[in-house]
Every structure is written in C-alpha cells, then in structure tokens.
Amino acid sequence: MTEDFAAVWDSETTVIYLSGRFDATQVARANQALARAEGATDVDFSELVYISSAGIGSLLATHKRLDKLGGLRLVNMNAHIRELFELAGFDTVFEMG
Amino acid sequence: MRRPEPATQTSEFPRVLSALSELLDLLGEVFEQYNVDNRSAFWVTLAAEEVFTNMIRHNRSSDNRISMDLDITETRISVRLTDYGVPPFDPATVPEVDTTLSAEQRTPGGLGVFIVRSKMDDVTYSHQNGNLSVSFTKYRKLADD
C-alpha cells in the first residue's frame, strides 16, 4: 500500500476522483480538491486503497459544508473501506453508491 | 518455495506527521514480503496510523522518537508502538464513539481508538518507566481476499 495519493476534481462531471493511500499526511492535498465542490458531489473511491480517520474527517467536514446543497456521495468503495465506513457508522452519514 | 523467517524488527520515527509516510511504507513493504492478506494489511496499517498520530497529537511537549516493533509469523501480525517520556494514558478515559449520530453531530474524534478496539484481536496498553506502549495483534487469514 505505497501508492501515491491523488485527489482530482473534474469540473465537467463535478466528480472528485481519489486514488492511492489517503492517510493523515494527505489531508491538505485532499482538501484542495474538496474545496472545489460547490454542490452535490460524487467522490469516486475506485482507485483508493486506504483511508484513515483523518481522511474520513476531511470528507465529513466537506459533507457538512455542502449539507444544504446535497452533500457528498461516496461511490465505488473497495470492500475494506466500505467495512470501515459501516463499522464507524458513516454509511448512514454519507450516501454511499 | 522456502518460507521467509519470522520478521522481527524495530524502527524509530521522529514524532512529526510527515514520518507517518515512512512508517506506512515500511509496513506495506514488509506485508508484501510476507504475503500478508490484503484485509489484515488494511486493518493493521489503519491501527498503526491511528496510534502513531494519537501519540504525536497528545504529547506535543515531547521531542522523543516513537519506536515501532513489528513481529510477523505465519499466523499473526503484532505491532508495538512506544512513546518515551510521556504521562500515563488510560484508554478507559476515551469516550466510546457514538456511531449513530447524525452528520451534523459526528466528528472524527475518538475514531482511532474505536478502530483499534474493534478490529484488532488483542490490544494492550502499558506504561512503564515513563514510556507508553500500545501493542496490538491481528491474526492472519490463511488465504488472501
């Protein structure tokens, strides 16, 4: 799990693509992409292999900021990340596709 | 194929957030070398990050390095993180995470301890001679998933 982390905002589709390992050192980089979201936004996890509580905190803050506008929808999680979100009860906080 | 010998190694990391990358890279390399299943690797990596970042966050006055002892056998992965010269920490004082709260009420606080408690098979906190050690073990799955 040494994959480099990336967070890419696609302005045409308003999707944020996450990839690699989203650990606590990557919060600032993720926040740059998340700050671009101004309404209901999908976050694509298909290339994300790992996320920690720091990463979840970053998504949660953005979700709260966009709450009245539709929030974040998290899509294409791998099984481990989905299990983490379910364990911590975040499957009821975020819409998960 | 000859099986690798059990891995036992100790590493030290400066107590800065940027050292986390080095710590997680090391775990990833060792897990790959010892064919640790993806699921065990994910949860042990997560537990190590949460404990390491909590140690940095809660003992800001210290500039001592944090050590990590890693022990991998065919059946289990054991990690011990030790923070030197710190006050005792009673994990019982960490409030339980309420996983049923709404988005507005939720915070990521306390999630690290909750994850370690929930997903590791054995967790021990010890404080001796001013040093805090957090040890956790995950039993390996036989087949990769």
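Structure values in brief
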read-out: Filter result (buried (at least 16 other Cβ atoms within 10 Å of the Cβ) and within 9 Å of chain B (Cβ to nearest Cβ)) within segment A:65-74; value: A:G71
read-out: Restricting segment A:54-64 to residues that are hydrophobic (A, V, I, L, M, F, W, C) and within 17 Å of A:A6 (Cα to Cα), the residue that is surrounded by the most Cβ atoms within 10 Å (Cβ to Cβ); value: A:L59
read-out: Single condition A:T25 does not satisfy, out of (1) within 10 Å of another protein chain (Cβ to nearest Cβ); (2) at pLDDT 95 or above; (3) on the phi > 0 side of the Ramachandran plot; value: (3)
read-out: Subset tally (residues that are charged (D, E, K, R) and within 22 Å of A:A79 (Cα to Cα)) for segment A:16-57; value: 5
read-out: Positions within segment B:40-64 being out of contact with any Lys or Arg (no Cβ under 6 Å at 6 or more places or on another chain) and closer than 23 Å to A:A79 by Cβ, in sequence order; value: B:A41, B:F42, B:T45, B:L46, B:A47, B:A48, B:E49, B:E50
read-out: Members of segment B:93-125 found to be closer than 21 Å to A:E83 by Cβ, charged (D, E, K, R) and within 7 Å of chain A (Cβ to nearest Cβ), listed by number; value: B:R106
read-out: Which listed residue is under 24 Å from A:A61 (Cα atoms) and either within 14 Å of another protein chain (Cβ to nearest Cβ) or open to solvent by 10 Å² or more (accessible area, probe 1.4 Å) (or both), from B:A19, B:A47, B:A41; value: B:A47
read-out: Only listed residue being modelled with pLDDT under 95, touching a Phe, Trp or Tyr at 6+ places or on another chain (Cβ under 9 Å), crowded, with 16+ Cβ neighbours inside 10 Å and more than 8 Å from chain B (Cβ to nearest Cβ), chosen from A:M96, A:M77; value: A:M96
read-out: Positions within segment A:32-53 being within 14 Å of chain B (Cβ to nearest Cβ), open to solvent by 10 Å² or more (accessible area, probe 1.4 Å) and not small (G, A, S), in sequence order; value: A:V49
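Here's the yes/no breakdown for (1) modelled with pLDDT under 90; (2) of a type in the set (D, E); (3) open to solvent by 40 Å² or more (accessible area, probe 1.4 Å):
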site	(1), (2), (3)
B:A92	yes, no, yes
B:P95	yes, no, yes
B:T100	yes, no, yes
B:A103	yes, no, no
B:R106	yes, no, no
B:L111	yes, no, no
B:H127	no, no, yes
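The values are calculated or read from the model by the stated rules, or taken from the named source; none is laboratory data. Fair warning: this is a prediction, and the values are worked out from it, not measured in the lab. Cβ sites come from the backbone with ideal geometry, for glycine too, and all protein chains shown count toward neighbours. Calculation scope for accessible area: heavy atoms of the full protein, side chains included, ligands and nucleic acids excluded. Shrake-Rupley method; radii C 1.70, N 1.55, O 1.52, S 1.80 Å.
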